[in-house]
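Below is one structure, written out as structure tokens, with a few remarks after it.
The values are calculated or read from the model by the stated rules, or taken from the named source; none is laboratory data. Small disclaimer: the values here were computed from a predicted structure and weren't measured. Cβ coordinates were reconstructed from backbone atoms using ideal geometry, including for glycine residues, and neighbour counts include every protein chain displayed.
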Protein chains: 2
Amino acid sequence: MSKPVPRARSRLRAGVTIKDVARLAGVSPMTVSRVVNGSEYVSNTTRAAVQRAVRELHYSPNLAARNLASERGERLGLLYGNPSSAYLSEFLVGALEAATRHGVQLVLEKCEPTPVASRRAVRRLLAGAVVGALLPPPLCESAAVRAELGAARLPVVTVAAGRPPAESMCVRIDDYAAALEMTRYLLSLGHERLAFIKGHPNQSASEERWLGFNAALEEAARGKRGGQPAPRMEQGFFSFRSGLDAARKLLAAHPAPTAIFASNDDMAAAVIAEAQRRGLDVPRDLTVVGFDDTLIASTIWPELTTIQQPIARMAAEAVDMLVAEVRGRAAGERPRPDARRVPGVLPTRAAGSQASAAATDAQRNGPLHRLIPHVLITRESAAAPKPARQT
Amino acid sequence: MSKPVPRARSRLRAGVTIKDVARLAGVSPMTVSRVVNGSEYVSNTTRAAVQRAVRELHYSPNLAARNLASERGERLGLLYGNPSSAYLSEFLVGALEAATRHGVQLVLEKCEPTPVASRRAVRRLLAGAVVGALLPPPLCESAAVRAELGAARLPVVTVAAGRPPAESMCVRIDDYAAALEMTRYLLSLGHERLAFIKGHPNQSASEERWLGFNAALEEAARGKRGGQPAPRMEQGFFSFRSGLDAARKLLAAHPAPTAIFASNDDMAAAVIAEAQRRGLDVPRDLTVVGFDDTLIASTIWPELTTIQQPIARMAAEAVDMLVAEVRGRAAGERPRPDARRVPGVLPTRAAGSQASAAATDAQRNGPLHRLIPHVLITRESAAAPKPARQT
DNA sequence: AGTCAGGATGGTAACGCTACCATTGAAACG
DNA sequence: CGTTTCAATGGTAGCGTTACCATCCTGACT
């Protein structure tokens, strides 16, 4: 029980710290911290001196120390199911960018959409001390996963669900509007026999796309007073194989459709493969359009016109929302203020680069047309700094 | 210059800390730390008590604090170029798993293989305080990128280069051996007119695969004393489009080949597409095999036999190596001891699951055969704890 | 019995940074 | 000219953990 004798310490010092910078710049560490973190209460001369010292010493702040002191560095979980790998990679790129920007860690967890698997996955996430979760498709539709996350009281951001649950945070494009526009485009090309391949029935985005497609047809029928024949439709499951089956049925019909709208690119690719096997020339004999979660498909099958989702951006946006929510909760904001939807528009690309990209593609691949659908962001209303009673 | 008066502090406390656990378990925080970190110097009874307390309080260690105290939490850079997205997503999954395991952050940086772009990318990484870099294909072949990283003295792990530079750390499969085995397999099916589509000439793996292909043919020719005709070869560039061009030329020949070995899956997919357009049935009329950086291709074109790289595992292994190197350097080991290659074998899947997976595939898709190539791990020899003069 | 090895545990001091005041000086105000 | 205001800066105390000893035992070995 006697006290140990204090000894001289000798932990090795490695990098340059904020103190070194402070000494060189002739200011206190606090001031350096303020400069580095962009506080406004620093005079211009001081700021310049500090910045010079930072450059000279190649100082860069220690992430761990910063996180510890400022109580950041949370972990976010990303539950992924079995999406197309192109989707996942883009998603990861965007999510990681945002995570790095916020100084947050990303923990991946694979999860099948069964109750048992989702319970295990959520448990693993909790064991990994994550404080929030991202839910890209197809998991965002899984009731089991959502229930499990809800029970753990983890805040969740849903990405790319066709019809996100009410009172939830989510980032998505407007599947309905996008399909509507795409179909209008097909009609504008003069097609009269359109066919549609539906997506997986468990994903609400499938239905939205189907509704958008139909809406465009009805619109056209109203204009032309009733000439348009009813469209053919086949059920698909977002897989190449299911697209192949659907394409076989559709192309065997008499008369065959002149344009096929597949609910995603994998199935669109299958349609092209089947068409070519039957000796049809795409796009001369048959126009095929897809709905894209990916970029790769448009590279591989050059003739494919497809709706593009800015997946990386959506993922980054989702991380931003989740971080804001988590930190808001930590700061004592009301756990779940009356959530409401705030639809917004995210500019996906500058119009210029968009145009030039399209031009390049068109020149390489013939007729190509890209639709840039709106992105809807649903987020909780920002809570007031102090929960005033009124409002 | 007078001293500020010390005041009572009141930072809010959020989570449960190691002290809470220590109090509940009736031990010191140090002992809890030892239990949590798996130290051996803890009695079983104490360990059990601590573990019970951990569970009871749902304690999980604060990453930032741990990193700060143990001087971990480094950032690793991942420079990615323009690989197939399927490749990237698998790579990211593996790399993130390992990064999480080591408590390390992963920073992504996109980089074109030009000198200007690579300089900028490396500079951004350095600004982000990364202490090491991962180099997946195709960037691992870029002299500009390597030079830039070398100049910054960043340790680098190369992944999946066909012929990694000497004295470097790298994780790769044996492209030569894999191509050799695959070609042997084609020959064993009785094929006599084989064709090959080369990969991008800038990637050394392309040449390795081509050499392996040829080696198998020579082997067969020796056995049969000279009957085998010279194989047809077309240059490709790993893209679907280049595979299409190559396939057109190969299939127009008389007599046409009965088997085509494409250097990657994208090109193999193109071969299948072209074959179908010509009315050939795959695999009845033509056997197509690929060499795979991806998993998706084998899902999409069911008939495709392909060599599978365990990309996620390779990425995780690369992160492990990089972390070991970085920490070794920090611990004062000699910066670059005589690096040497240590070829090793990484079991890709349990033999059982492999067999059953193959069986399932075969049953679904007809003839299918997967080759599991060896994975070579090149790593620096572990330096002695203290740099003794001799050896 | 005395000594010694080493297993088991605890105390203390960082790790590098930022939150939270305190303090200063100068401008703005009455 | 005294007072107030507020921009600018600094001091101190942690944030939660682990490294580095020191210390206490227990049992083995002289």
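Residue-by-condition table, conditions (1) at pLDDT 90 or above; (2) of a type in the set (D, E, K, R):
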| residue | (1), (2) |
| --- | --- |
| A:A151 | yes, no |
| A:V171 | no, no |
| A:R184 | no, yes |
| A:L189 | no, no |
| A:F196 | yes, no |
| A:R222 | no, yes |
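Quick one: which strands (runs of 3 or more DSSP E) sit completely within region A:61-150 and have at least 2 residues that are more than 10 Å from chain B (Cβ to nearest Cβ)?
Qualifying strands (runs of 3 or more DSSP E): A:75-80, A:130-135.
Which residue pairs have Cβ atoms under 6 Å apart, sit 6 or more places apart or on different chains, and have a first residue in region B:26-37 that is within 14 Å of another protein chain (Cβ to nearest Cβ) and a second that is within 7 Å of DNA strand D (Cβ to nearest atom) and outside any loop (DSSP other than H, G, I, E, B)?
Between residues of region B:26-37 that are within 14 Å of another protein chain (Cβ to nearest Cβ) and residues that are within 7 Å of DNA strand D (Cβ to nearest atom) and outside any loop (DSSP other than H, G, I, E, B), there is no close pair.
If the requirement is being more than 7 Å from DNA strand D (Cβ to nearest atom) and at pLDDT 95 or above, which of these qualifies: A:V36, A:V16, A:V32?
Among A:V36, A:V16, A:V32, only A:V32 is more than 7 Å from DNA strand D (Cβ to nearest atom) and at pLDDT 95 or above.
Please go through region A:151-164 and pick out each residue that is away from every other protein chain (no Cβ under 14 Å) and closer than 26 Å to B:P61 by Cβ.
Listed by number, the residues that qualify are A:A151, A:P155, A:V156, A:V157.
In region B:123-135, which residues are crowded, with 23+ Cβ neighbours inside 10 Å and in contact with a Gly (Cβ under 8 Å, 6 or more places away or on another chain)?
Within region B:123-135, B:L125, B:V130, B:G132, B:A133, B:L134 meet the criteria.
Suppose we filter region B:38-52 for residues that are touching a helix residue (DSSP H, G or I) at 6+ places or on another chain (Cβ under 8 Å) and either more than 12 Å from DNA strand C (Cβ to nearest atom) or touching a residue at least 60 places away in the same chain (Cβ under 8 Å) (or both); how many remain?
Qualifying residue count for the region: 2.
If you check A:E218, A:E208, which single one turns out to be closer than 21 Å to A:E141 by Cα and acidic (D, E)?
Within the list A:E218, A:E208, the selection yields A:E208.
In region A:170-213, how many residues are within 25 Å of A:A133 (Cα to Cα), out of contact with any Asp or Glu (no Cβ under 6 Å at 6 or more places or on another chain) and among the charged types (D, E, K, R)?
Qualifying residue count, region A:170-213: 2.
Among the residues of region B:196-217, is any buried (at least 21 other Cβ atoms within 10 Å of the Cβ) and under 26 Å from A:R278 (Cβ atoms)?
Yes, the conditions are met somewhere in region B:196-217.
Residues are listed down the side, and each one gets a yes or a no for (1) within 11 Å of chain A (Cβ to nearest Cβ); (2) at pLDDT below 80:
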{"residue": "B:D266", "(1), (2)": "yes, no"}
{"residue": "B:V271", "(1), (2)": "no, no"}
{"residue": "B:Q276", "(1), (2)": "yes, no"}
{"residue": "B:D285", "(1), (2)": "no, no"}
{"residue": "B:L295", "(1), (2)": "yes, yes"}
{"residue": "B:E303", "(1), (2)": "no, yes"}
{"residue": "B:V319", "(1), (2)": "no, no"}
{"residue": "B:V323", "(1), (2)": "no, no"}
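One line per residue, one yes/no per condition, for (1) surrounded by fewer than 16 Cβ atoms within 10 Å (Cβ to Cβ); (2) more than 19 Å from A:E325 (Cα to Cα):
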| residue | (1), (2) |
| --- | --- |
| A:Y41 | yes, yes |
| A:T46 | no, yes |
| A:V54 | no, yes |
| A:S60 | no, yes |
| A:L78 | no, no |
| A:G94 | no, no |
| A:K110 | yes, yes |
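Of all the residues that make up region A:255-272, how many are touching a Phe, Trp or Tyr at 6+ places or on another chain (Cβ under 8 Å) and either of a type in the set (S, T, Y) or not in a loop (DSSP other than H, G, I, E, B) (or both)?
Residues that pass the stated criteria total 11.
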